[in-house]
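The values are calculated or read from the model by the stated rules, or taken from the named source; none is laboratory data. Every value quoted in this text rests on a predicted model; they were computed, and no experiment measured them. Glycine also receives a Cβ, built like all others from the backbone with ideal geometry; neighbour counts cover every protein chain displayed.
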Amino acid sequence: MTDRQTIVVAVDFEAASDKALALASELAERLGCDLALVHVYQLPIYTYPGLEPGVLPAYQSEVTAAAKRALDALATKHGVQRAYLRQGDPATEVLAAFEELQPKLAVVGTHGRRGLSHLLMGSVAEKIVRRATVPVITVRADEPAKP
């Protein structure tokens, strides 16, 4: 482990987290910090009347392996030495990673949802910003071009 401070970037492989990683890379260079990536995935739970909720075992290992490959490829592409893969609720797990890693700051992408979509889907970035014990910079994805 290095004595240098760390900037943690939460990534979900969407445009907003790509922008967040680009900003974090620039900040890390200017501030003399290391970068660390955190990706959280959730497995779908299947429920049927009369059966306990569960996940298909083969499906779980395939999803985990695919997430690990994608995260490792992203880390390699950007020269990031530390990448952490976690399973569970994205906001909760990203916040737990912040507590463990004690970064100088964190950078998180946001989709910028508003209105009904925000109400229905919530905002992982908003939950992180509200509960984080470290400074968090949010980076919004570019608005898609309207036809």
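So here's what we get for this one:
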quantity: Some residue of segment 38-50 being at pLDDT 95 or above and not β-branched (Val, Ile, Thr); calculated: yes
quantity: Selection status of residue 95, under 19 Å from residue 16 (Cβ atoms), at pLDDT 95 or above, part of a helix (DSSP H, G or I) and in contact with a helix residue (DSSP H, G or I) (Cβ under 7 Å, 6 or more places away or on another chain); calculated: yes
quantity: First in segment 5-32 and over 21 Å from residue 85 (Cβ atoms) and without any contact (Cβ under 8 Å) to a residue 40 or more places away in the chain, second anywhere and basic (Lys, Arg) and assigned to a loop (DSSP other than H, G, I, E, B), Cβ under 7 Å, 6 or more apart; calculated: 32/4
quantity: Boolean, residue 76 is under 18 Å from the mean Cα position of the chain (by Cα), over 21 Å from residue 130 (Cα atoms), at pLDDT below 95 and part of a helix (DSSP H, G or I); calculated: no
